[in-house]
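Nothing in this text is a laboratory measurement; each read-out follows from the coordinates by a stated rule. Since the model is a prediction, treat every value here as computed from it, not as a measurement. Cβ: placed from backbone, ideal geometry, glycine included. Neighbour counts: every protein chain shown.
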Amino acid sequence: MKKIIINGGRKLRGDIFVSGMKNAALPIVFASILTADECTLENLPNVTDVNLSLKILESMGAQVTRLNQTTVRVDTRHFLPVNTCGDMVSKLRASTYLLGAELGRFGEALVGLSGGCDFGVRPIDQHIKGFEALGAVASVENGCNHVVAGKGGLRGGSVYLDIASVGATINVMLAAVLARGRTTIDNAAREPHIVDLANFLNMCGARISGAGTSFIKITGVEKLHGCTYTIIPDMIEAGTYMVAAAATGGRVTVRGVIPKHLETVTAKLIEMGAGVDEGDDCITVSRTSRLNRANIKTYFYPGFPTDMHPQFGALLATADGTSVITEGVFDNRFRYVDELVKMNAEIKVVGRTATVIGKPGLTGAPVKAVDLRAGAALIIAGLAAEGVTEITGVETIERGYDDIVGKLRGLGADITLRETFADNIEKAV
Ligand code: EPZ
């Protein structure tokens, strides 16, 4: 079993380069199914969710060649839309994108129920609504989602999403790019990774416009060709390190970012009293005095990102005053709270709202990462706390953070990754 051990109380100082965005890489990896040509994907983060998505493609006949640490070539010439009800699919939420990609290229998909972080119910009714708007028929068979194009194949259609769902927007785009005719998606998600997917698909010959707005138009084409594409930087990884800098009172420059993607995070840190300086592709965060309280309301992009909620929960727990966090996207994103309370945080949750009573000192404790961003929050809390914090559930953190321990050590954190082996000997990894 792996553990992250942090000896807290040290200020973070230095530069950090963010990796490619996990939530952009995942749809683009699955979108490569739509062309029988080779696609070369650059700036892929080395995280388990992305590596698992590549393994799923390989298990279905794709050839995946790793060209270097962050670049792979995917050849889906011999890809077969076999029944993917295996356990790999159940390990990540993004496996739902197999539905749209296989429906788009082959006219049918049979995919096991997906997994992902547990925030309460995570239905795919909006995905299905989109497929049905293209004439597909959806059903659930033996615990798998089954979608089949109507006679004559998919035809363009218009769908209004009841929720600006990232996954549903992605899946309808994947299904529509090869459908006959024009598709429109109204109330579409506007996240930067939606734009990245559209840019990738257009590089392959698709005809998508309006990505990044709430109204996306797609004109179906006969076929797509391969391309070489570079994934955008991970705004959530960058935001996580920005919050860590503010939490420890240090000075950190995150490099290789798109500052516009982090506008809400930057504004909130400034509101709390941190110093934030923006460059063309970097942001420097520093803190010399105590942080002020602030309220957070998460919402669909360009609202405050829900994926930065737990990290700010940890930061507000150390600020002066009482803050309120309202979760506007998921039913229950507060599973991190119980773990922070073990570190002397004072947080009360009622429904989708948490009241955080800030206090100067968190204290190190043994805690567990119960989901990806909850794990990031515990690392931030451990860096700021007095004493030693031991974090288990490290595999959850490795799903979405590329070498977070190495990157934080590079900023001066006293943090190690230790693994206990079968013979009960614990070693630094
Ligand atoms: C994506 O999840 C991300 N995951 C999540 O990031 C992120 O938190 C979320 O978008 C919101 O930005 C990946 O990209 C792999 P949604 P997704 O569909 O697509 C409800 C992380 O930490 N909904 O936008 O599942 C849903 O229950 C992860 O990197 C329906 O009701 O999010 C939720 O309440 C965590 N019906 C809300 O909409 C549907 O058909 C937003 O979900 C679809 C969604």
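Once both labels are positioned 7 Å from their Cα atoms along Cα-to-Cβ, the gap between LYS2 and ARG290 label points is 3.7 nm. Backbone geometry of the range 385-396 corresponds, through the Karplus equation with coefficients 6.51, -1.76 and 1.60 at θ = phi - 60°, to 3J(HN,Hα) couplings of 6, 7, x, 9, 10, 10, 10, 9, x, 4, 4, 5 Hz, x marking Gly and Pro. Take the Cα of ASP338, step 7 Å toward its Cβ, do the same at ASP280, and the gap between the two points is 4.9 nm.
When the helix-only estimate is applied to the chain (DSSP H runs of n ≥ 4, each -39,500 (n - 2.57), divided by the residue count), what is the mean residue ellipticity at 222 nm, nearest 500 deg cm²/dmol? Per the formula, -8500 deg cm²/dmol. In angstrom, the C-alpha Rg and Dmax of the range 42-152 are 14.6, 44. With R₀ fixed at 45 Å, the C-beta to C-beta distance from ARG180 to GLU390 puts the FRET efficiency at about 0.20. Here the extension length gained between GLU271 and GLU222 equals 12.6 nm, from 0.36 nm per residue of separation less the Cα-Cα distance.
With N denoting the number of residues in the chain, provide Rg(C-alpha) divided by 2.2 N^0.38 Å, to two decimal places. For the chain, the normalised Cα radius of gyration comes out at 0.98. Taking 25 °C and 0.890 mPa s as conditions, the range 162-271 diffuses translationally at an estimated 157 µm²/s according to Stokes-Einstein applied to its Kirkwood radius (Cα pairs).
Among 351-363, 228-240, sorting by the average number of other beta carbon atoms lying within 10 angstrom of each residue, highest first, gives 228-240, 351-363. Here the Debye sum runs over all C-alpha atoms of the range 22-230 as equal scatterers in vacuum, and log10 of I(q)/I(0) at q = 0.10 Å⁻¹ comes out as -0.35.
Computed from the alpha carbon positions, the gyration tensor of the range 305-413 leads to an equivalent ellipsoid with semi-axes of 21, 17, 12 Å, biggest first.
Values of log10 I(q)/I(0) for the range 120-166 across q = 0.15, 0.17, 0.18 Å⁻¹ run -0.43, -0.54, -0.60, by the Debye formula with one identical scatterer at each alpha carbon and no solvent. Computed over neighbours whose Cβ is under 14 Å from that of PHE30, the net charge equals 0, Lys and Arg +1, Asp and Glu -1. Most fluctuating residue of VAL405, VAL18, VAL121 in a GNM of the chain with Cα springs under 10 Å: which is it? Top of the fluctuation ranking is VAL121. Of the residues LEU67, LEU262, LEU378, the one that moves most in a GNM of the chain with alpha-carbon contacts below 10 Å is LEU67.
Between ASN68 and ARG122, the contour length at 0.36 nm per residue exceeds the alpha carbon distance by 16.0 nm. Applying 1/(1 + (r/R0)^6) with R0 = 30 Å to the Cβ-Cβ distance of ASP331 and ASN142 gives a FRET efficiency near 0.65.
Length available on full extension from GLU58 to THR322: 0.36 nm per residue minus the Cα-Cα distance, which gives 90.0 nm. Averaging the sequence gap over all C-alpha pairs within less than 8 Å and six or more residues apart, then dividing by the number of residues, gives the chain a relative contact order of 20 percent. The share of C-alpha pairs in the range 221-290 whose separation exceeds 14 Å stands at 58 percent. Please give, to one decimal in nm, the separation of the simple spin-label points placed at THR213 and ILE357, each 7 Å out from Cα toward the Cβ. My value for the distance between the label points is 4.9 nm.
Spatially close Lys pairs in the range 201-359, defined by Cα atoms under 18 Å apart and a spacing of eight or more places or different chains, total 5.
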